[in-house]
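Everything below concerns the one structure shown next.
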Amino acid sequence: QCYHTPSGLWYHGSVANRSAILLTVPATLRFRDVAVRTVTAACHLIGNLDGETSSKDASRLDLQRGFDAQFISAFSEIFNNIAIHAYERSGEGVVSLTLLPGADHLILEVRDEGKSFDLSLVPQPELESLPEGGMGIHIARACLDSLDYEAGPPNLWRLTKYLVSDGKR
């Protein structure tokens with residue numbers, strides 16, 4: 001069963017029963033905001049699965065809440081990398097999101113059919129030189145409890161963040 005909210009988001013099943021929120025968008029930076037708004041709405045559900053989230057404000061990013069800001073920052077970097085590097089700014093292909101909200105965490109699986117790569121070969125950035133690029137993976141890792149990548153096709157990114165991190169995840 002799918003539900004359409006006033007904010008324009010489609011939800012599959014019941015979030016309280018841990019069903020997934022699904023979204024597929026073109027793999028271009030033009031559609032990044034659509035994906036970010038959906039992920040933002042899912043962030044608002046974490047720690048608040050009793051349905052009290054206002055649909056009016058569901059897609060507004062609350063920078064006062066570190067969980068939301070960090071998760072959105074990480075996701076935005078991954079989306080950028082997919083659109084720019086995996087699809088080489090071609091405007092072809094799609095990015096598919098599967099959001100799995102839990103009571104105290106959010107898991108986001110991001111799939112694409114673009115060019116894959118070896119995540120272990122991404123170098124640590126030289127932070128002293130303040131590079132203009134090459135920081136996306138580093139930022140995502142710093143913001144999340146777990147960042148996993150499986151080269152495809154399809155390529156699969158798995159982003160995980162807990163409301164309270166014990167530093168072991």
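The values are calculated or read from the model by the stated rules, or taken from the named source; none is laboratory data. Quick caveat, the model's predicted, so the values are computed rather than measured. Cβ placement follows ideal geometry from the backbone for every residue including glycine, while neighbour counts extend to all protein chains displayed.
Remarks
- Of A140, A83, all but one fail to be buried (at least 20 other Cβ atoms within 10 Å of the Cβ), in contact with an Asp or Glu (Cβ under 8 Å, 6 or more places away or on another chain), small (G, A, S) and over 22 Å from S19 (Cα atoms); the exception is A140.
- Residue, surrounded by the fewest Cβ atoms within 10 Å (Cβ to Cβ), within the stretch 30-43, restricted to residues that are within 21 Å of C143 (Cα to Cα) and out of contact with any strand residue (DSSP E or B) (no Cβ under 7 Å at 6 or more places or on another chain): D33
- Unmet criterion (only one of (1) in contact with a helix residue (DSSP H, G or I) (Cβ under 8 Å, 6 or more places away or on another chain); (2) modelled with pLDDT of 95 or more) for V122: (2)
- The stretch 125-135, subset at pLDDT 65 or above and not small (G, A, S), residue farthest from S146 (Cα to Cα): E128
- Counted residues, the stretch 69-112 - those being under 15 Å from R158 (Cβ atoms) and outside any strand (DSSP E or B): 9
- Put simply, of Q64, Q1 the only residue that is more than 30 Å from H85 (Cα to Cα) and at pLDDT below 65 is Q1.
- Boolean, N80 is in contact with a strand residue (DSSP E or B) (Cβ under 6 Å, 6 or more places away or on another chain) and at pLDDT 95 or above: no
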